[in-house]
1. Filter the stretch 220-242 down to residues that are within 21 Å of T174 (Cα to Cα) and of a type in the set (S, T, Y), then give me how many there are.
2. Taking the conditions exactly as written (within 13 Å of the ligand (Cβ to nearest atom) and touching a Phe, Trp or Tyr at 6+ places or on another chain (Cβ under 7 Å)), does A121 satisfy them or not?
3. Has the stretch 184-195 got at least one residue that is within 13 Å of the chain's Cα centre (by Cα), on the phi < 0 side of the Ramachandran plot and either assigned to a helix (DSSP H, G or I) or more than 11 Å from the ligand (Cβ to nearest atom) (or both)?
4. Suppose we keep only residues that are more than 16 Å from the ligand (Cβ to nearest atom) and assigned to a helix (DSSP H, G or I) within the stretch 196-215. Which one would you say is nearest to S239 (Cα to Cα)?
5. Any chance you could count how many residues in the stretch 68-108 are more than 7 Å from the ligand (Cβ to nearest atom) and on the phi > 0 side of the Ramachandran plot?
6. Is the stretch 212-225 home to any residue that is acidic (D, E), farther than 30 Å from A245 by Cβ and in contact (Cβ under 8 Å) with a residue 12 or more places away in the chain?
7. Of these, R213, R226, which one is of a type in the set (K, R) and within 19 Å of L155 (Cα to Cα)?
8. Assuming D196 fulfils every condition listed in (1) surrounded by 16 or more Cβ atoms within 10 Å (Cβ to Cβ); (2) within 23 Å of A131 (Cβ to Cβ) apart from one, which condition is it?
Amino acid sequence: MMATAKDTPQPDLERRLACSDSHAAGVRDMFDRIAPTYDTLNHLLSAGIDVRWRKLAIETLATRPEGPILDSCAGTMDLTAMLAKRWPNERIVASDFAAQMLEAGKQKAPLAERIVADAMAMPFDAESFAAVICGFGMRNLSDTRRGVREARRVLKKGGIFTTLEFFRPMSAATKLFHGIYGNVVLPTVGGIISGDRSAYAYLTQSMQHFVSRPEYEALCSAEGFRVTSAKDLTFGIASLVVAEAV
Ligand SMILES: C[S@@+](CC[C@H](N)C(=O)[O-])C[C@H]1O[C@@H](n2cnc3c(N)ncnc32)[C@H](O)[C@@H]1O
């Protein structure tokens, strides 16, 4: 049987779900700083494999009800651009608290709305979206639970919440890969190209200290979602969690 986040007190889990507000300000400043080189590094460091992950994530929204789609923690708007291409007649909104990230990506989806906002307190009405997608953003939030709760608030019943993320690795092989890649490749290459080694060291830490995929699924279930699909991609390097607002 799947464990739920509220079965037993889990101080370690609580620590991985939430941290301080100063952390949030630091994360926002960091993303604003690395925005100019973010795309170059992203595609170099993932060897382009993220494009396949993103396509899979977008397709999970095909069965959503009628209505607008929100790309939360949209960054430089790669997912926004794919959404706009896939559903050109739909209202697409890209939201992120780092204005420079949205600015760097705005030409990819010129018709999408851009909103600078915190994913834990968004300026949108309740039940105003048919789908929310979040790519590699949830692990950066200072309080993951608040982020999931906010996604549920803005979604109408039956709406879809898709999370594409690097969760804390579980298997020995994935731990080894994340360890070598995250501790050596990411800070070294990221540091050379962006000139900000600490930013890329942070990104590694954010993966290693985040919740595992099963823990995240339990969190979604506890916050008003029914997890309809959850799977690991490319040997568990990334994962996709799809949940329906109930
Ligand atoms: C690793 S980037 C991912 C960007 C994009 N979704 C993608 O798939 O490439 C994480 C993004 O989350 C944003 N972010 C982190 N915490 C946030 C928060 N509390 N509210 C809004 N955006 C946040 C960062 O500014 C950054 O643009």
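1. Counting residues in the stretch 220-242 that are within 21 Å of T174 (Cα to Cα) and of a type in the set (S, T, Y) gives 3.
2. For A121, the condition - within 13 Å of the ligand (Cβ to nearest atom) and touching a Phe, Trp or Tyr at 6+ places or on another chain (Cβ under 7 Å) - is not met.
3. Checking the stretch 184-195: not a single residue is within 13 Å of the chain's Cα centre (by Cα), on the phi < 0 side of the Ramachandran plot and either assigned to a helix (DSSP H, G or I) or more than 11 Å from the ligand (Cβ to nearest atom) (or both).
4. R213
5. Within the stretch 68-108, residues that are more than 7 Å from the ligand (Cβ to nearest atom) and on the phi > 0 side of the Ramachandran plot number 1.
6. no
7. Exactly one of R213, R226 is of a type in the set (K, R) and within 19 Å of L155 (Cα to Cα), namely R226.
8. So the condition that D196 fails would be (2).
The values are calculated or read from the model by the stated rules, or taken from the named source; none is laboratory data. Keep in mind that this is a model prediction, so the values were computed, not measured. Reconstructed Cβ throughout: ideal geometry from the backbone, glycine too, with neighbour counts over all protein chains shown.
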